[in-house]
Amino acid sequence: QVQLVESGGGLVQAGGSLRLSCAASGSIFIVKSINTMNWYRQAPGKQRELVAVITKIGSTNYADSVKGRFTISRDNAKNTVYLQMNSLKLEDTAVYYCAGNFGSYWGQGTQVTVSS
């Protein structure tokens, strides 16, 4: 069993920054076996979309809408993944979810609201 717990969401003005964290806990064997960690987001009335991906060795990939503004990173020793979000836009408002292996494991989500 694996638990993913996100933190760091909140209200920020457009142009500002936030850093989300996702801590994995539970079965050490399973946690260490997770190859990719992902951040998804879901805005009201929209489908959940994949925002960023990071592999165990640190390779990353981003949705076009966040490239150059968001950075995903991971600390394997702490079993934690981060999403640094800069130059936030109104359209970044959503619930952000941490996931393992593209949805094998999910966090509960954290709200990010960008105001004008």
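The values are calculated or read from the model by the stated rules, or taken from the named source; none is laboratory data. Please read these numbers as outputs of a predicted model, since none were measured by experiment. Note that each Cβ is placed from the backbone with ideal geometry, even for glycine, and that neighbours are counted across all protein chains shown.
Tabulated data
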| item | result |
| --- | --- |
| Residues (surrounded by 15 or more Cβ atoms within 10 Å (Cβ to Cβ) and under 19 Å from Val12 (Cβ atoms)) located in segment 64-83 | Val66, Arg69, Phe70, Thr71, Ile72, Tyr82, Leu83 |
| Single residue of segment 1-54 satisfying the filter (of a type in the set (Ser, Thr, Tyr) and surrounded by fewer than 19 Cβ atoms within 10 Å (Cβ to Cβ)) that is nearest to Gln108 (Cα to Cα) | Ser7 |
| Filtered residues of segment 68-83 (kept if assigned to a strand (DSSP E or B) and either polar (S, T, N, Q) or closer than 12 Å to Gly58 by Cβ (or both)) | Thr71, Ile72, Ser73, Arg74, Asp75, Thr80, Val81 |
| Residue ranges of strands (runs of 3 or more DSSP E) in segment 1-60 with at least 2 members among the aliphatic types (A, V, I, L, M) and within 14 Å of the chain's Cα centre (by Cα) | 2-7, 18-26, 49-55 |
| Residue match in segment 89-109 (condition: among the acidic types (Asp, Glu), modelled with pLDDT of 95 or more and either surrounded by 18 or more Cβ atoms within 10 Å (Cβ to Cβ) or touching a helix residue (DSSP H, G or I) at 6+ places or on another chain (Cβ under 6 Å) (or both)) | yes |
| Near pairs, Cβ below 9 angstrom, 6+ apart or cross-chain, from segment 82-100 (within 15 Å of Thr71 (Cβ to Cβ)) to any residue that is assigned to a helix (DSSP H, G or I) | Met85/Asp92 |
